[in-house]
Amino acid sequence: MKEHPRTPVPATFVERQGYLMGKFTYDQEVRVDIDDRLLLHLQIVIGNKLRRGESFYFSWRLDPSLGHGRRSVWIHPYAALTFTFGESRTTQMSRAWIEALATTANSQRGLYAVPEPAPDAVGDGEIRELMDA
């Protein structure tokens, strides 16, 4: 299995050669393929916001085969969300990426994918605590 390099997030979440793909499902109706590494980071950000009882938009661009628009869903504490990963192992997490995604989630525009920042000086291994909480 190939490790995900630190590269910009593509305009869409469609499958890319050599990347393990997971699936985000919202209320059993909306399904989108997202690479596992990004999906894990989104799961942490979404989980943290929902744990605090916060609602927000989550948006992404549609695959060009479906049109050139974007889709947004309203994430709220009562929404049925499923995160399904293509890989059984948990990938290494990036504190900087979680913080960057959280910044978008806290904006008026809501959560959307941003490129993964370079590794930060703080140990990213400490992030595992966020998943275990």
Inside the range 50-65, can you point out the residues that are over 16 Å from GLY22 (Cβ atoms) and part of a strand (DSSP E or B)? PHE56, TYR57, SER59, ARG61
Residues (farther than 18 Å from LEU39 by Cβ and not in a helix (DSSP H, G or I)) located in the range 99-116: ASN106, SER107, GLN108, ARG109
I'm told GLU29 meets every condition in (1) crowded, with 16+ Cβ neighbours inside 10 Å; (2) at pLDDT below 90; (3) of a type outside the set (A, V, I, L, M) except one. Can you identify the failing condition by its number? (1)
Find the residue count for the range 66-97, including only residues that are out of contact with any Asp or Glu (no Cβ under 9 Å at 6 or more places or on another chain) and either assigned to a helix (DSSP H, G or I) or at positive phi (or both). 2
Between residues in the range 59-72 that are among the aliphatic types (A, V, I, L, M) and residues that are open to solvent by less than 40 Å² (accessible area, probe 1.4 Å) and modelled with pLDDT under 80, which pairs lie under 7 Å by C-beta distance while being six or more apart or on different chains? LEU62/THR12
Quick check on ALA121: is it hydrophobic (A, V, I, L, M, F, W, C), modelled with pLDDT under 90 and in a loop (DSSP other than H, G, I, E, B)? yes
Restricting the first residue to the range 27-43 and requiring it to be more than 16 Å from PRO115 (Cβ to Cβ) and in contact (Cβ under 8 Å) with a residue 12 or more places away in the chain, which pairs with a second residue that is open to solvent by 60 Å² or more (accessible area, probe 1.4 Å) and assigned to a strand (DSSP E or B) meet a Cβ separation below 6 Å and a spacing of at least six or different chains? ASP33/LYS23
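The values are calculated or read from the model by the stated rules, or taken from the named source; none is laboratory data. The model shown is predicted, which means the values in this text are computed figures rather than measured ones. Please note: Cβ atoms are built from the backbone with ideal geometry, for glycine as well, and neighbour counts cover all protein chains shown. Heavy atoms of the whole protein, side chains included, go into the accessibility calculation; ligands, DNA and RNA do not. Shrake-Rupley method; radii C 1.70, N 1.55, O 1.52, S 1.80 Å.
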